[in-house]
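One structure is given here, and the rest of the page talks about it.
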């Protein structure tokens, strides 16, 4: 998608500047960190949090790529 966007933009005389390219990190079905967050959220707000795995770039991808076994949530 980025290549296509760059091509069309440059073809039309514009330019593209890409920044904030973060690597992905794998969703863990069994996450102690997430369970702690869920319980803390329940205690604070007396309701269930919404848990979603989404496609997004975050610093967690950098950290988990450098620290083996790191459990990340965002």
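Read-outs throughout are calculated quantities, based only on the coordinates presented, and are distinct from any laboratory measurement. Here the structure is a predicted model, which is why all the values come from computation and not from measurement. Note that each Cβ is placed from the backbone with ideal geometry, even for glycine, and that neighbours are counted across all protein chains shown.
Odds and ends about this structure:
- Top-ranked residue of the stretch 15-54 - restricted to ones that are outside any loop (DSSP other than H, G, I, E, B) and in contact (Cβ under 8 Å) with a residue 24 or more places away in the chain, ranked as farthest from residue 66 (Cα to Cα): 37
- Scanning the stretch 24-56 for residues that are surrounded by 13 or more Cβ atoms within 10 Å (Cβ to Cβ) and under 30 Å from residue 6 (Cα atoms) turns up 24, 25.
- Flag for residue 61 being in contact (Cβ under 8 Å) with a residue 40 or more places away in the chain, within 18 Å of the chain's Cα centre (by Cα), surrounded by 12 or more Cβ atoms within 10 Å (Cβ to Cβ) and in a helix (DSSP H, G or I): no
- Of all residues in the stretch 1-20 being surrounded by fewer than 11 Cβ atoms within 10 Å (Cβ to Cβ) and touching a helix residue (DSSP H, G or I) at 6+ places or on another chain (Cβ under 8 Å), the one that is nearest to residue 58 (Cα to Cα): 18
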